[in-house]
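*Asks:* Structure below; questions to follow.
No value in this document is a laboratory result; all are computed from the given coordinates. Computed from a predicted model, the values in this text were never measured in an experiment. Reconstructed Cβ throughout: ideal geometry from the backbone, glycine too, with neighbour counts over all protein chains shown.
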Ligand code: YH5
């Protein structure tokens, strides 16, 4: 029952895990935090304030000062109900920000996109990591990631943001998502993406009911069987709001609780808005997990 609790660093390889991003390395031998930088004008959490370059840069600098190991820049809103965004619009939002961050920050920049052209332009502008909520299923994305040779996170999503929360369905949520990620790993390997460059993410909130999210979270430790570093993003998400009956502005404590529980179950990268608080939770949980 508590097998995961007593399995610190179950894979010896995880204790010296370093991702090689161009020009920088991302050391995940200790779990780290990925700071979220939304550059969408409709972004719920920042009201679009971070579209201006100076504000985006200041926010990123602050997150790095608070201990973020990597900054995730996203120009497509993928929250439930969000509409699709054009390639040009996404490029206009993210490329200037990535160029500025690359020059100013001592940590890698991640591009949160599903579009091959955005992946290519972002890496050319200095991004060293691809975070794809569609797990390289869009046209050309697999080939782009293979050519760009940067680490890539493959996330599970059922459906598309516009309608994904309407009626999510699984035979068995944990095994269905394990099967999906195993298959994407296989496809990536076949496309020439080295396994050492791939991270996996079960995709909390992406086509999942409250019960699905909670069950997935309880059994997160099972994803260790895929033998890839695990990224988890739960920060401020609706299922926390549903349990705590809190609006998005009051989900910090719930987010922190889940960050600690995710690390305890083997997650090595926690995607979060509130970096200072999340770094402390992650560090504490990592210390307990590594104890004898
Ligand atoms: C993720 O889990 N999530 S964008 C709705 C919210 C709060 C937050 C209504 N990109 C993930 O953060 N990438 C996003 O409250 C991601 N994993 C990875 N790898 C959605 C988001 C959010 C949505």
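*Asks:* Taking 0.36 nm per residue of sequence separation and subtracting the Cα-Cα distance, how much length would be gained by fully extending the chain between residue 214 and residue 29, in nm to one decimal?
*Replies:* Length gained between residue 214 and residue 29: 63.9 nm.
*Asks:* State the dimensionless ratio Rg/Rh of the chain (Rg: radius of gyration of Cα atoms; Rh: Kirkwood radius).
*Replies:* Details: Rg = 17.4 Å, Rh = 18.8 Å.
Checking Rg against Rh, the ratio lands at 0.93.
*Asks:* Using Cα pairs under 8 angstrom and six or more residues apart, how large is the relative contact order of segment 217-291, in percent?
*Replies:* Taking the mean separation of contacting Cα pairs over the length of segment 217-291, I get 34 percent.
*Asks:* In what sequence, highest mean first, do 143-152, 172-181, 32-41 appear when ranked by Cβ atoms within 10 angstrom?
*Replies:* For the peptides 143-152, 172-181, 32-41, the packing ranking is 32-41, 143-152, 172-181.
*Asks:* Can you sort 208, 218 so the residue with the fewest Cβ neighbours within 10 Å comes first?
*Replies:* 218, 208
*Asks:* Taking N as the number of residues in segment 86-240, what is its alpha-carbon radius of gyration divided by 2.2 N^0.38 Å?
*Replies:* 1.05
*Asks:* Taking R0 as 25 Å, what FRET efficiency do you get between residue 287 and residue 16 from their Cβ-Cβ distance, rounded to the nearest 0.05?
*Replies:* According to the calculation, E is roughly 0.90.
*Asks:* For the chain, calculate the relative contact order in percent as a whole number, restricting contacts to Cα pairs under 8 Å that are 6 or more residues apart. Could the numbers behind the result be given before it?
*Replies:* Numbers: 565 pairs, mean separation 58.2, N = 292.
RCO, the chain: 20 percent.
*Asks:* Taking other Cβ within 10 Å of each residue's Cβ, how do 237, 115 sort, fewest first?
*Replies:* By the 10 Å Cβ count, ascending, the order reads 237, 115.
*Asks:* If I stretch the segment between residue 83 and residue 166 completely, what's the gain in nm (0.36 nm per residue apart, minus their alpha carbon distance), one decimal?
*Replies:* 28.4 nm
*Asks:* Roughly how far apart, in whole Å, are the Cα centres of segment 75-123 and segment 195-217?
*Replies:* 22 Å
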